[in-house]
1. Which value in Å does the Kirkwood hydrodynamic radius of the chain take, with 1/r averaged over all unlike C-alpha pairs and then inverted?
2. Check each of the GluC sites (Glu not before Pro) in the range 315-377 and keep only those in coil by DSSP with at most 13 other C-beta atoms within 10 angstrom; list them in order.
3. What is the extension gain from Q166 to Q194, computed as 0.36 nm multiplied by their sequence separation minus the C-alpha to C-alpha distance, in nm to one decimal?
4. Calculate how steeply helix 56-65 sits against the longest principal axis of the alpha-carbon atoms of the chain, using the helix alpha-carbon long axis, and give the answer as 0 to 90 degrees to the nearest 10.
5. In degrees between 0 and 90, to the nearest 10, how far off the longest principal axis of the chain does helix 187-205 point, with axes built from Cα atoms?
6. R145 to T366: extension gain in nm, 0.36 nm per residue of separation minus the Cα-Cα distance?
7. Once you put a point 7 Å from the Cα of A389 and another 7 Å from the Cα of K118, both along the Cβ direction, what distance in nm separates them?
8. Taking 0.36 nm per residue of separation and subtracting the Cα-Cα distance, what length does fully extending K314 through E107 add?
Amino acid sequence: MNSQHSALRTTSVHDPAVECIVDLDAIAHNVGVLKNFAGGADVMSVVKADGYNHGAIEVSHVALDSGASELGVTTIAEALRLRAAGITAPILCWLNPSDSDFGSAIEANVEIGVTSIKHLHAVTNAASDIGRATVTVKVDTGLNRNGVASEEYPMFLEELAKASRQGLVELRGMFSHLAHADEPYHPTIDVQRQRFLDSIEQARAVGLDPQKVHLSNSAATVTRPDLHFDMVRPGIAVYGLSPVPEEGTFGLRPAMTFRARVVLVKKVAAGEGVSYGHDWIAPSDTTVALLPAGYADGIPRAMKGRYSVMLGGKLRPAIGRVCMDQVVVDLGDDPGSVSEGDEAWLFGNGDHGEQTAHDWAEAMGTIHYEVVCGIRGRTVRHYVGEFAAGSRAPSLRSTR
């Protein structure tokens with residue numbers, strides 16, 4: 001991997017001060033769960049943003065080996081990185097400015113999501129020099145974000161049909177994105193579904209016949225079988241985080257664990273303040289542990305007083321401010337055998353009593369996507385499980 005593509009370093013060293021552990025067997029399990037939910041539909045695993053900060057290359061290999069048939073990313077650069085890693089499966093990228101290097105995408109057989117007439121013209125201009133581009137149309141059905149606008153859609157289809165007749169593009173698919181998928185019975189979902197069906201019929205009316213149509217993200221994959229169409233497009237669920245937490249886990253297993261090693265254990269007397277501003281005052285004599293991770297590494301400063309750490313077999317409160325490089329944990333009157341070098345679990349899958357990414361999200365009033373994507377800085381990533389060991393996926397190796 002290259003640092004310009006990932007906030008985290010990947011290493012085979014298993015004892016860094018701050019580490020992000022990714023269980024690749026959990027990724028495989030989750031893809032299997034999602035394939036079951038998808039029924040007869042294909043599964044596209046979304047690995048944008050470096051696989052939601054889990055490692056796009058490693059996750060892609062495992063996902064494809066576990067039943068996914070395609071991959072989804074946002075940018076051409078992300079897609080080319082997967083191609084450079086030897087991945088030959090279909091890859092769709094869907095968020096690129098009109099002045100992007102579409103020629104590189106065409107040469108690498110990367111499917112390009114097109115979202116406007118201007119965008120389409122940029123792709124066909126590149127194709128006229130290099131060869132036919134494979135495209136998928138992204139239709140705006142009500143999210144009002146990316147996608148061909150409804151007022152432009154008829155003219156867009158005419159331009160697309162013309163480019164197809166000229167041999168400049170091959171239309172492979174059509175897709176859209178839901179605004180309320182995490183509310184499975186929200187009426188807007190049905191409105192978007194009908195608009196999507198209408199857009200497909202409009203395309204067919206001008207002689208365009210998309211091979212793959214897809215609408216379902218993670219939430220729709222596990223809650224709305226009527227939206228599965230030809231393929232589902234799960235993202236966050238691949239990484240084991242429930243897309244609709246209030247509805248349960250759906251059998252998914254969180255793949256990421258965030259932990260740090262204790263660098264210091266010390267006594268603090270009653271009445272003494274801890275860390276900047278002395279926001280926390282020891283109510284009695286106590287013992288504290290210092291962890292070498294802070295907001296530069298992915299512990300949001302807003303988490304002050306809102307999280308606990310699994311350390312020495314107990315869930316212990318983090319105290320004082322979250323600093324750039326460190327946080328302090330109160331061991332109270334029962335420090336047990338906690339000592340320098342011990343592992344402190346900040347969040348994980350919850351199996352050891354530790355908090356989860358969802359717990360952190362709840363504490364901050366955000367979503368678990370942001371929590372896992374926020375791990376960064378000096379945090380070192382490594383992989384565990386049979387896939388990481390190479391017994392089931394020997395192509396998975398650290399490139400750093």
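1. 22.7
2. Answer by residue number: E340.
3. Result: 7.0 nm gained on full extension.
4. For 56-65 against the chain, the angle is about 70 degrees.
5. Rounded to the nearest ten degrees, it is 30.
6. Answer, rounded to one decimal: 77.5 nm.
7. Taking the two extended label points, one gets 5.4 nm.
8. 69.1 nm
Read-outs: derived from the displayed coordinates by stated rules, not from any lab. Since the model is a prediction, treat every value here as computed from it, not as a measurement. Cβ coordinates were reconstructed from backbone atoms using ideal geometry, including for glycine residues, and neighbour counts include every protein chain displayed.
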